[in-house]
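Have a look at the structure below, then the notes.
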Amino acid sequence: MPVFLVSVLLLVVSAAALEAARRAVLARRETKMLRARLERFELQLPRTETPRSVDVTSLRRDALGAYVAREADRLRNVMAHLLADCRDAMGAEEAVLWRWNETTDALRPDDWSTEGARPAFFNANAWGPLIALAMEEESLQLMGENGSVFAVAAPLIFEPDTTPVGVLSVTSRRGLSRSREELKHWMPRLALQVAYAKDLLQARLEYGQYLRQSHVILKAVERLGSDPSGDALARSLCETAVEVSGARGAALVRWNGDGESGDLHYATAGLGLRTPAVLDPESQVAAQCRLGVAQVYEDARGRSTAHALYGVGRTMRDPGSVAVIPITRQGRVLGALVLESDEVNYFSPDLSHPLSMLLAAAAGSLELAWSFGEVERRSRTDPLTGLFNRAHFGEQLQEKLNLADRYEQPVSLVMVDIDHFKRVNDTYGHEAGDAVLRRVAGLIQEAVRSTDVCVRYGGEEIALLLAQTDRTAAMEMASRLRERIEETVAFHKGATIPVTASFGVATYPQTVRDREKLFPQADEALYRAKADGRNCVRCAGSTVETPTS
């Protein structure tokens, strides 16, 4: 072989070897860059682990909002890095992900490669129509002149679907460095990858919220499991609900679906409600128990007073917003959890989801506890008024008298009789009489202390046992109750029924020396009040009487 040909062949082989080496170096460099980008991308991904320090307050609206905002910032950082890679790959100045905004009914920038509150270099007047056209035509759109391309918009389409969910744009004021053929080849593929990445990151955010929520609910259920008894479980459930929601207070209602009746079983101190109390069948809570559907009253001012909500009074201001969440088990409504807030629009419509999970976990324990407690409750309470009954009165009377002897402290008994009750029944009907009796019982329950015993003694008579209460304090309470009852009215089927009551007071050992005569003396004082014209207070063993109204 001639030397010349050998030299040429060596030159060709050397050139090929050098080109191969150059390509290998470039391939290693690109591989290294891609690996670095992937590692950076992975580091930016939001973690879904739930920290051990998360407690039930993490489900409050402010805590959830802070968590979502923090994780959303991390998502934006991840997308910014991904779009920066798209920008660099296409030789662009900026890459923007556009998503459809249902509120404004228009495409809006969702993520972008540059820093700042909005895309820095996008010319809306020149390139904005291109973005809309890519969405409408569902096809790649290019804009350029004199051989240069300044903007490319590719629709985001999840295969095999054909409806775009957004648009990926790359732009440069000086012109993209990629050729038209390269842009047409790579932009649809990049748009698909960006769409999948955005969807994946959103799913991770939602999954992280779900794990966080599940962890919190599990901790709350564990805490409820430590209080298996009915009263303790009710208190723990309401307190947990307050911590979860940030509400001012919570009430637990027990519901009897067969009789379409219920009672206010427990209420936290933040509501100013006395429990137990009979739930008014016409109240809003009773209506939601019948429907078995959660209801949020975003603005409860003027429409959700305690009487409208429960059919009872309260000792503090009415709420600004209310949420009623039924408690169901195996298709039956067992009761409801009622949350109240001072703020208007405090409760979001999705509040019921985490609380429903909590209530579902507690429903079995509540039903069991209520089933056992129902027999005891019926044995000592009056079903019409929710007050203790006459049988329970005898036990409490002896107990209070024994304590009075042991600690040398007075105990007072106040007997209350609704005036002209038979006339109410004859004029308006027995259902109206029941409404009057419930109204008076509710007023008395609101006024007495938690240590006092309020009893329906029989018919229209109510007895109050006031521990550690002397004659003066008992007379003052009786006078306040008389005035409050006189100032109120009962409503029944459109009728307004005025109500007054007579009171008899006796105090051991101050006005009654023999403990066995406490009840007879209070009863005798009550009959004197009725004989003196009703609507007044009379005290046993006293010649000084309070004036009638």
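Couple of notes before you dig in:
- Segment 284-312 - residue that is out of contact with any strand residue (DSSP E or B) (no Cβ under 9 Å at 6 or more places or on another chain) and over 15 Å from Leu339 (Cβ atoms) and, of those, surrounded by the fewest Cβ atoms within 10 Å (Cβ to Cβ): Gly302
- Tally of residues being within 17 Å of Ser502 (Cα to Cα) and assigned to a strand (DSSP E or B) across segment 425-457: 4
- The residues listed here are Ala286, Ala250; of these, the one that is assigned to a strand (DSSP E or B) and modelled with pLDDT of 85 or more is Ala250.
- Residues (in contact (Cβ under 8 Å) with a residue 60 or more places away in the chain and acidic (Asp, Glu)) located in segment 416-459: Asp417, Asp419, Glu431, Glu446
- Single residue of segment 55-112 satisfying the filter (out of contact with any strand residue (DSSP E or B) (no Cβ under 8 Å at 6 or more places or on another chain) and of a type in the set (Asp, Glu)) that is modelled with the lowest pLDDT: Asp55
- Each residue in segment 289-309 was checked for being over 16 Å from the mean Cα position of the chain (by Cα) and at pLDDT below 90, and 9 of them qualify.
- Reported count of residues in segment 520-543, each being in contact with a helix residue (DSSP H, G or I) (Cβ under 9 Å, 6 or more places away or on another chain) and surrounded by fewer than 21 Cβ atoms within 10 Å (Cβ to Cβ), is 3.
- Summed over segment 395-438, residues that are closer than 28 Å to Ala540 by Cα and among the small types (Gly, Ala, Ser) total 2.
- Verdict on Ala441 being out of contact with any helix residue (DSSP H, G or I) (no Cβ under 7 Å at 6 or more places or on another chain) and crowded, with 19+ Cβ neighbours inside 10 Å: yes
The values are calculated or read from the model by the stated rules, or taken from the named source; none is laboratory data. Just so it is clear, the structure is predicted and the values come from calculations on it, not from any experiment. Every residue, glycine as well, gets a Cβ built from its backbone with ideal geometry; the counts of neighbours run over all protein chains shown.
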